[in-house]
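Colleague: Before anything else, here's the structure in question.
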Amino acid sequence: MAFIEVIGGRHLQGEIPIQGSKNAVLPILAASILHNGITRIKNCPKIIDVYHMIKLLESIGCIVTWEQDGLTIDATEMNYSSVDKKYVSSMRSSIILLGALLGRNKNVTISYPGGCAIGARPIDLHLKAIKEMNVQVIHSEDIIFCSTSHLTGAKISLASPSVGATENVILAAVKADGITIIDNAAMEPEITELCLFLVKMGARISGAGSKTIMIEGVKEFRDVEYTLVSDRIVMGTYLAAVAGAGGSVTLRGNCCKENETVINTLRTMGCRIGVGRDYVNICSSQQPRAVPLIETETYPGFPTDMQSQIMSVLTIASGTSLIVENIFESRYKTVKELAKMGADIYVSGKAAQVNGVAALTGCDVRAYDLRGGAGLVIAGLIANGTSRISGIEYIERGYEDISKDLANLGADIRKVESSL
Ligand code: UD1
């Protein structure tokens with residue numbers, strides 16, 4: 001099994017570009033099947049979740065090809081409405097195909113995505129909302145069958161602003177008869193990105209990025225070429241790496257505004273950060289300061305997807321920080337790995353008290369989820385000595401090449417292929 005080896009203690013210097021956004025591209029790939037034609041996505045990240053989604057699209061009849069600067073999806077001959085269980089179980093977010101398949105085919109059979117490493121992740125909000133659009137939903141323990149004679153716009157009020165449920169409703173509503181209004185919609189930038197893509201394809205949507213989104217169904221879409229925004233969580237991860245390891249770095253990407261909460265948190269920790277339209281500079285020359293309270297929230301609050309990376313930095317902060325994880329219930333799996341490196345963290349339910357220590361010591365640790373794995377890489381950069389991080393298949397779900405990016409910034413880090 002491959003692992004990442006990192007020898008900590010080096011300051012980071014230099015400039016790197018940030019890859020395209022994972023959480024934006026997955027619903028956009030799902031959206032491509034709404035159109036009986038060609039979609040081109042530029043700046044598409046080469047990550048495992050995208051490879052999974054491509055397999056899924058191919059399994060339902062799309063022709064997908066990588067070109068020099070992106071991905072082309074030809075959904076002209078797409079004809080299946082049943083999604084194979086093996087793909088859904090390998091990537092929980094394949095559930096966003098539900099809305100798009102309903103829009104295209106009027107019926108869908110998809111297996112239940114189940115829980116994952118970071119929590120139970122139910123889809124009750126998705127199904128309740130879809131039912132309100134004149135869709136019959138029958139579900140057993142592991143299969144969901146949805147069908148409709150004609151998809152109908154509806155006024156849908158989400159009990160909580162789920163990102164995936166908002167995306168599924170949008171994907172169905174763009175092809176429904178009449179108008180759909182989503183109240184208490186998710187406001188994450190990836191929702192805005194999906195809507196910008198759909199509007200370019202010919203959809204009629206207003207209010208994306210706010211709590212109320214209005215969608216007027218249309219009959220036909222057109223071929224579209226779309227350039228994906230940079231990944232705000234990858235940018236946030238590398239900012240956190242500099243905050244922990246020290247140094248002076250420029251990250252090029254057009255997702256700085258969307259990272260404001262993370263940037264402000266890092267400023268509180270003592271980093272000097274300058275923000276341009278499509279770049280961010282960070283300089284960290286002192287021990288990070290503790291942060292009294294970080295609570296994960298829906299956008300524009302502190303993102304749950306940055307919690308593990310910031311926790312790694314806070315392990316060596318001067319003082320005690322409190323983290324409260326409000327979005328997912330199992331997002332502290334990294335804690336026991338950080339403890340092996342000498343971190344002092346006490347977890348009670350949703351809360352984690354991080355008592356800063358003088359230094360971490362490198363050792364062998366294991367990633368159990370994507371962002372937790374990125375957090376361990378950051379801990380490895382901070383620690384004295386050598387760390388080996390296994391479970392990197394999780395990290396590769398969302399990072400094109402974290403070792404290469406950090407090595408380009410001067411870190412002593414590499415991916416090691418091992419036959420053991
Ligand atoms: C998306 C992101 C993920 C991010 C999360 C929160 C993608 C591919 N993934 O996940 O990286 O961490 O948003 O910003 O974009 N919930 C229910 N019932 C539902 C749906 C959700 O109870 O029907 C709960 C979930 O269990 C979770 C919370 O609501 O506790 C938020 O989930 P949601 O916003 O749906 O996240 P995802 O779309 O799964």
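Colleague: If I ask for residues that are small (Gly, Ala, Ser) and not in a strand (DSSP E or B), which ones from the stretch 297-326 would you list? Give the steps one after another, and end with the answer.
Modeller: As a first pass, look at the stretch 297-326 and keep what is small (Gly, Ala, Ser): 301, 308, 312, 317-319, 321.
Gly301, Ser308, Ser312, Ala317, Gly319 - these are the residues of the stretch 297-326 that are small (Gly, Ala, Ser) and not in a strand (DSSP E or B).
Colleague: Return only the number of the condition from (1) free of Cβ contacts under 8 Å to residues at least 60 places away in the same chain; (2) assigned to a loop (DSSP other than H, G, I, E, B) that Lys404 does not satisfy.
Modeller: Result: Lys404 passes all but (2).
Colleague: Just name the residue that is nearest to the ligand (Cβ to nearest atom) out of those in the stretch 10-49 that are within 23 Å of Ala240 (Cβ to Cβ) and of a type in the set (Val, Ile, Thr).
Modeller: Val25
Colleague: Something else: Pick out the one residue from Val347, Val280 that is closer than 25 Å to Gly8 by Cβ and free of Cβ contacts under 8 Å to residues at least 24 places away in the same chain.
Modeller: Details: Val280 fails: free of Cβ contacts under 8 Å to residues at least 24 places away in the same chain.
The match here is Val347.
Colleague: A follow-up question, please. Just one of Ala185, Ala159 is assigned to a loop (DSSP other than H, G, I, E, B) and near the ligand (Cβ under 10 Å from one of its atoms); which is it?
Modeller: On the way: Ala185 fails: near the ligand (Cβ under 10 Å from one of its atoms).
Every option except Ala159 fails the conditions.
Colleague: For the stretch 327-356, which positions are surrounded by fewer than 16 Cβ atoms within 10 Å (Cβ to Cβ) and assigned to a strand (DSSP E or B)?
Modeller: Asp344, Tyr346, Val347, Ser348, Ala351, Gln353, Asn355
Colleague: Looking at the stretch 185-208 only, could you name the residues that are free of Cβ contacts under 8 Å to residues at least 40 places away in the same chain and farther than 16 Å from Ile28 by Cβ?
Modeller: Ala185, Arg204, Ser206, Gly207
Colleague: Could you check Arg277 against (1) more than 12 Å from Ala240 (Cα to Cα); (2) modelled with pLDDT of 95 or more and say which number it fails?
Modeller: It fails just one condition, (2).
Colleague: Which residues, taken from the stretch 151-194, are under 15 Å from Gly103 (Cα atoms), in contact with an Asp or Glu (Cβ under 6 Å, 6 or more places away or on another chain) and not hydrophobic (A, V, I, L, M, F, W, C)?
Modeller: Thr152 - this is the single residue of the stretch 151-194 that is under 15 Å from Gly103 (Cα atoms), in contact with an Asp or Glu (Cβ under 6 Å, 6 or more places away or on another chain) and not hydrophobic (A, V, I, L, M, F, W, C).
Colleague: Still on this model: What about Ile378, is it in a helix (DSSP H, G or I) and either free of Cβ contacts under 8 Å to residues at least 24 places away in the same chain or closer than 17 Å to Leu338 by Cβ (or both)? Lay out the reasoning, then the answer.
Modeller: On the way: in a helix (DSSP H, G or I): yes; either free of Cβ contacts under 8 Å to residues at least 24 places away in the same chain or closer than 17 Å to Leu338 by Cβ (or both): yes.
When the stated conditions are applied, Ile378 passes them.
Colleague: Out of all the residues in the stretch 162-182, which are crowded, with 20+ Cβ neighbours inside 10 Å and either more than 16 Å from the ligand (Cβ to nearest atom) or more than 23 Å from the chain's Cα centre (by Cα) (or both)?
Modeller: Ala173, Val174, Lys175, Ala176, Thr180
Colleague: Here's something else I'd like to know. In the stretch 64-90, what count of residues is obtained for those that are under 20 Å from Glu141 (Cβ atoms), out of contact with any strand residue (DSSP E or B) (no Cβ under 7 Å at 6 or more places or on another chain) and crowded, with 20+ Cβ neighbours inside 10 Å?
Modeller: Number satisfying all stated conditions: 1.
Colleague: Collect the residues in the stretch 124-161 that are without any contact (Cβ under 8 Å) to a residue 24 or more places away in the chain and aliphatic (A, V, I, L, M), keeping them in residue-number order.
Modeller: Result: Leu127, Val137, Ile138.
Colleague: How many residues does the stretch 128-146 hold that are surrounded by fewer than 19 Cβ atoms within 10 Å (Cβ to Cβ) and over 18 Å from Gly217 (Cα atoms)? Steps first, please.
Modeller: Keep residues of the stretch 128-146 that are surrounded by fewer than 19 Cβ atoms within 10 Å (Cβ to Cβ), which gives 128, 131-132, 134, 136-143, 145.
After this cut, where a residue has to be over 18 Å from Gly217 (Cα atoms) as well, the list is 128, 136-143, 145.
Number of matching residues: 10.
Colleague: What's the number of the only condition in (1) crowded, with 22+ Cβ neighbours inside 10 Å; (2) in contact with a Gly (Cβ under 9 Å, 6 or more places away or on another chain); (3) farther than 19 Å from Ser230 by Cβ that Val262 fails to meet?
Modeller: It is condition (3) that Val262 fails.
Colleague: Same structure again: Considering only residues that are charged (D, E, K, R) and within 14 Å of the ligand (Cβ to nearest atom), look in the stretch 297-334 and name the one that is farthest from Ile233 (Cα to Cα).
Modeller: Taking the stretch 297-334 and keeping what is charged (D, E, K, R), we get 297, 305, 325, 329, 331, 333.
Right, trim to within 14 Å of the ligand (Cβ to nearest atom) and you get 297, 305, 325, 329, 331.
Numbers: Glu297: 15, Asp305: 7, Glu325: 17, Glu329: 20, Arg331: 16 Å.
The selected residue is Glu329.
The values are calculated or read from the model by the stated rules, or taken from the named source; none is laboratory data. All values reported here derive from a predicted model rather than from experimental measurement. Positions of Cβ are backbone-derived with ideal geometry, glycine not excepted, and every protein chain shown enters the neighbour counts.
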